[in-house]
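Every number in this text was worked out from the coordinates using simple rules, so none of it is lab data. Just so it is clear, the model here is predicted, and its values are computed rather than measured. Glycine gets a Cβ as well: all are built from the backbone with ideal geometry, and neighbour counts include every protein chain shown.
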Amino acid sequence: MKRTKIADLLTSPELNREVCVKGWVRTRRGNKNVAFIALNDGSTINNIQIVVDIEKLGEEFLKPITTGSCICATGLLVESQGQGQSAEIQATAIDIYGTADPVTYPLQKKGHTLEFLREIAYLRPRTNTFGAILRIRHHLAKAIHDYFDTQGFYYFHTPLITGSDAEGAGSMFQVTTLDVANPPRTPDGKVDYSQDFFGNATNLTVSGQLEGELGAMALGGIYTFGPTFRAENSNTPRHLAEFWMIEPEVAFNDITDNMDLAEDFLKYIIKYAMERCADDIAFLDKMYDNELTARLNFVINNDFKRLTYTEGVEILEKSGRKFEFPVYWGADLQSEHERYLVEEHFKRPVILTDYPKEIKSFYMKQNDDGKTVRGMDVLFPKIGEIIGGSEREADYDKLIQRVNELKMSTESIWWYLDTRKFGTAPHAGFGLGFERLVLFVTGMTNIRDVIPFPRTPKNAAF
Ligand code: 4AD
Ligand code: MG
């Protein structure tokens, strides 16, 4: 018999017909006459209850059906006698696909800590919490593609292996096929990358932006959505070494258009997730963060506050607040500063613009004051920076001057600089950290809990 997903059975139960469900046992309870199996198949946070007449199937037969085991159950779908569910199945037959020894299966009880679950990341998708998070993650990804598609953007695939360092951060993972224990050397003793796979030194990308700009200069509006890698040793609840980024890039947009796009985009995808993932968000709200739904509603219903970095720093200086990191004009803002502006001062998302050029990347459009660049960061409650972006420097001379000031090598980015020679145009874009978005929408507080297999310093086991 064909399997029906539990989500479909529970949303529109057509009763008194035979159905077949397959999934993993969450609990089994009951008495000597009847057993109740709560089954989950990942299609919804809700379990379906399977009622088993023990006399019919035999007590011995039921014994291996313990928490974590996988079964196929066939039976009559009837109105539920118990509370909290619309329908249940009166089993006529059960097939056991796989048992899970109660002595060794780690997910026996409810209420494991998130820390414990991180240690068994290979099994945690089986919990209610991670089921909810991963379904929300999926729907957010879908919403992002939908949004850009309806706005006429093209999904542009940028390389993961690159010879350039887009952010100038110098914290990249090297990619090589050379023997690291004994690499070939040039006469002056340096590693000879001409003998490496690509004929030069390569790394995993920290951002698809530079290549994305090439796409925008041909297709008008593009977005990337892919993994990015940063070897910073920042062991914080908001940093991963491997994270997913969405980077739209749009020809003819200026910084205001860029802010409008970022705000509209974020509101659309959050609203989409609230509509599609109502059960999962309600669960996380109840179990972890009672203000989650209110916070999501607040963000989609209010304008983001826009101000310059300079104005932001003034507010922080006047706040009388003692911050762990000192705040002054020129300082790179820390998450404590960002969250003060968002959560305490404005009480809404904030977009800061026009940062000092020293703390931002070389490609940002230079303002006439000679001190600031047309960058923008979108700051969110509980998260701090969720988006970083800018209008780009479209003028070849100004861009090359900045590259030289920063003593950057033009060797690996000549192709990028060329865009400013051949039909340059004003343009702007930004990068949304996907996991920070998932953090915000799920109300989780540690970024390791919103990606199936987090990659962090000293941790890439599974
Ligand atoms: O601000 P960032 O470094 O900007 C860029 O990479 C630009 N190339 C984007 C652009 O203009 N196209 O990173 C963008 C966003 C941040 O705002 C943050 O949300 C996220 O990426 N991010 C990280 N998320 C998780 N772990 C990390 N280590 C992250 N670093 C940045
Ligand atoms: Mg940034």
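Side notes on the structure shown:
- Here region 85-110 is scanned for amide nitrogen atoms under 14 Å from the site 7 Å beyond the Cα of C20 along Cα-to-Cβ, giving 92-97.
- Dipole magnitude of region 103-176, debye to nearest 20 (Cβ charges: Lys/Arg +1, Asp/Glu -1, about Cα centre): 620 debye
- Local electrostatic count, I300, Cβ distance below 9 Å [Lys/Arg +1, Asp/Glu -1]: +2
- Relative exposure of V180, V403, judged by other C-beta atoms within 10 Å (fewest first): V180, V403
- Surrounding net charge for E344, when Lys and Arg each add one and Asp and Glu each subtract one, Cβ distance under 12 Å: +1
- Charging the Cβ of each Asp and Glu at -1 and of each Lys and Arg at +1, and nothing else, the dipole of region 387-462 about its Cα centre rounds to 260 debye.
- Sequence ranges 208-218, 352-362, ranked by mean other-Cβ count within 10 angstrom, highest first: 208-218, 352-362
- Other residues whose C-beta falls under 12 angstrom from the C-beta of T158 contribute a net charge of -4, scoring Lys and Arg +1 and Asp and Glu -1.
- Based on C-alpha pairs under 8 angstrom that are at least 6 apart in sequence, region 289-402 has a relative contact order of 23 percent.
- Within the chain, helices built from complete DSSP H runs that reach 20 Å or longer along their own axis (Cα positions) and carry a mean Kyte-Doolittle hydropathy of -0.5 or higher are 128-150, 255-276.
- Here the gap between Y396 and E60, fully extended at 0.36 nm per residue and compared with their Cα-Cα distance, gives a gain of 113.1 nm.
- Taking other Cβ atoms within 10 Å as a rough exposure proxy, H157, H345 sort from fewest to most as H157, H345.
- You can think of it this way: the chain between S12 and K371 has 123.1 nm of extra reach, that is 0.36 nm per residue less the Cα-Cα gap.
- Mean Cα-pair separation over length for region 1-68, i.e. relative contact order, pairs under 8 Å, 6 or more apart, %: 30 percent
- Unit charges on C-beta of K, R, D, E only; dipole of region 331-380, Debye: 200 debye
- Most to least packed among 382-392, 407-417 [average Cβ atoms within 10 Å]: 382-392, 407-417
- Residue order for I246, I161, I451, I222, fewest other beta carbons within 10 angstrom first, comes to I161, I451, I246, I222.
- Listed peptides 363-369, 111-117 by packing density, highest first (mean Cβ within 10 Å): 363-369, 111-117
- DSSP-assigned coil residues among trypsin sites (Lys or Arg not before Pro) in region 428-461, each with at most 11 further Cβ atoms within 10 Å: K458
- For K365, the lysines whose Cα comes closer than 19 Å to its Cα, not counting residues fewer than 8 places off in the same chain, are K357, K398, K407, K421.
- When the charge dipole of region 236-350 is built from unit charges on Cβ atoms (+1 for Lys and Arg, -1 for Asp and Glu) and taken about the Cα centre, the candidate among T236, F298, M274 whose Cα reaches farthest toward its positive end is F298.
- Using the Cβ-Cβ distance between D149 and T256 with R0 = 25 Å, the FRET efficiency computed as 1/(1 + (r/R0)^6) comes to roughly 0.60.
- When the charge dipole of the chain is built from unit charges on Cβ atoms (+1 for Lys and Arg, -1 for Asp and Glu) and taken about the Cα centre, the candidate among I413, L316, S80 whose Cα reaches farthest toward its positive end is S80.
- Each principal axis of the Cα atoms in the chain has its own extent, and those three values, largest first, are 85, 57, 45 angstrom.
- Nearby aspartates and glutamates by direct alpha-carbon distance to K458 (threshold 20 angstrom, same-chain neighbours under 8 apart not counted): E115, E119, E232, E242, E435, D449
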